[in-house]
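> For reference, the structure I am asking about is given below.
The values are calculated or read from the model by the stated rules, or taken from the named source; none is laboratory data. Keep in mind that this is a model prediction, so the values were computed, not measured. Virtual Cβ from ideal backbone geometry, glycine too; neighbours counted across all protein chains shown.
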Amino acid sequence: MANGEWFYEDQTNHIRIGVQVHKLLHEETSLFQNIKVYDTVQLGRLLALDDVIQVTEADEFAYHEMLSHVPLHAHPNPESVLIIGGGDGGMVREVSKHESVKRVVLSEIDEAVVRVSVEHLPSISHALVNNPKLEILIGDAIENVKRYKDEFDLVIVDSSDPTGFAEGLFSRDFYSNVFHALRPEGMVTIQGESPWLNYRPLIKRIYGDLVDIFPIVKMYWANVPTYPAGVMVFPVGSKACDPAVPVHPALSSLKYYSSEIHEAAFVIPWYLQVEQM
């Protein structure tokens, strides 16, 4: 909620993050959720869905680069990418940087998120406009993914938290449909929440579901300061390639990702490993 000149997100019932704001730039309630964009004092513009931080201009690159470039640099020739969620456009921006990628499909349930992001978050969303690689599907990704068979080299699940309409994106049936949508060397990477707070059982379940479906399953992590506890994990399932091994030189001009970070990201503290959850 907003309170005076501060935006507050309750990250758990006992932990709250506060961000000082200059002003509320936009607010609307779509068919699915409440959407707000703030101009903040220290973090640039901030997008919140149902009062949960989705992106800030200050640190979004860490999340978007790591969820996208790790699998893209580990795949021998990624040409076709399906992004599920990600209506702010940051994931499309990063994926489109790869010359090998010829096709990007963005499956977003809420057209209002795309529209608001294009209008108010151009530094993040600019690849949503006049992008010849991009096809935008507005609709339920759980149903959309069922139409594809052996079409994508990479699926990126850039979803919101596992509640309401997004809950089905964290199910075994959904991951099975993703498996069938992938080509023989395909991978899926998943926004896996924070291993420090409420989502440890969920992360363990995601990992276990992937193990039952994919021959190679690993998990890596990144620091994203405005997300709960500042740490996000990314489970990844692969049909053939080792996602921990970069096979291409890192793209230039990235802010977070590098070949060294790629390899190091799979070294996870023992307490945060699946066996301890």
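> Return only the number of the condition from (1) outside any loop (DSSP other than H, G, I, E, B); (2) closer than 28 Å to residue 138 by Cα that residue 31 does not satisfy.
It fails just one condition, (1).
> Within the stretch 91-116, track down each residue that is touching a strand residue (DSSP E or B) at 6+ places or on another chain (Cβ under 7 Å) and polar (S, T, N, Q).
Matches in the stretch 91-116: 96, 107.
> Here's a check for you: in the stretch 146-166, which residue that is out of contact with any Asp or Glu (no Cβ under 9 Å at 6 or more places or on another chain) and exposed (fewer than 13 other Cβ atoms within 10 Å of the Cβ) is nearest to residue 78 (Cα to Cα)?
150
> For residue 104, work out the one condition from (1) part of a strand (DSSP E or B); (2) farther than 22 Å from residue 237 by Cα; (3) more than 12 Å from the chain's Cα centre (by Cα); (4) of a type in the set (A, V, I, L, M) it doesn't fulfil.
(2)
Okay, residues lined up against (1) closer than 20 Å to residue 271 by Cβ; (2) among the polar types (S, T, N, Q); (3) at pLDDT 95 or above; (4) in the same structural domain as residue 46 (by TED's automatic domain parsing):
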| residue | (1), (2), (3), (4) |
| --- | --- |
| 162 | no, no, no, no |
| 169 | no, no, no, no |
| 174 | no, no, yes, no |
| 182 | no, no, yes, no |
| 186 | no, no, yes, no |
| 190 | no, no, yes, no |
| 193 | yes, no, no, no |
| 198 | yes, yes, no, no |
| 201 | yes, no, no, no |
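> What strands (runs of 3 or more DSSP E) lie completely within the stretch 137-255 and have 1 or more residues being touching a residue at least 60 places away in the same chain (Cβ under 8 Å) and touching a Cys at 6+ places or on another chain (Cβ under 8 Å)?
Once the strands (runs of 3 or more DSSP E) in the stretch 137-255 are filtered for at least 1 residues that are touching a residue at least 60 places away in the same chain (Cβ under 8 Å) and touching a Cys at 6+ places or on another chain (Cβ under 8 Å), what remains is 182-190.
Okay, residues lined up against (1) under 30 Å from residue 44 (Cα atoms); (2) acidic (Asp, Glu); (3) in contact with a Gly (Cβ under 8 Å, 6 or more places away or on another chain):
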| site | (1), (2), (3) |
| --- | --- |
| 110 | yes, yes, yes |
| 124 | yes, no, yes |
| 134 | yes, no, no |
| 140 | no, yes, no |
| 146 | no, no, no |
| 150 | no, yes, no |
| 155 | yes, no, yes |
| 165 | yes, no, no |
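> Would you mind telling me which numbered condition in (1) more than 29 Å from residue 188 (Cβ to Cβ); (2) in contact (Cβ under 8 Å) with a residue 24 or more places away in the chain residue 11 fails?
Answer for residue 11: the failing condition is (1).
> Quick one: residue 243 ticks every box in (1) touching an Asp or Glu at 6+ places or on another chain (Cβ under 7 Å); (2) surrounded by 17 or more Cβ atoms within 10 Å (Cβ to Cβ); (3) under 20 Å from residue 76 (Cβ atoms) except a single one, so which number is it?
(1)
> For the list (1) buried (at least 24 other Cβ atoms within 10 Å of the Cβ); (2) in the same structural domain as residue 185 (by TED's automatic domain parsing), I need the number of the one condition that residue 115 fails.
Here residue 115 clears every test but (1).
> Does residue 81 qualify as being assigned to a strand (DSSP E or B) and among the aliphatic types (A, V, I, L, M)?
Judged against the criteria, residue 81 is a match.
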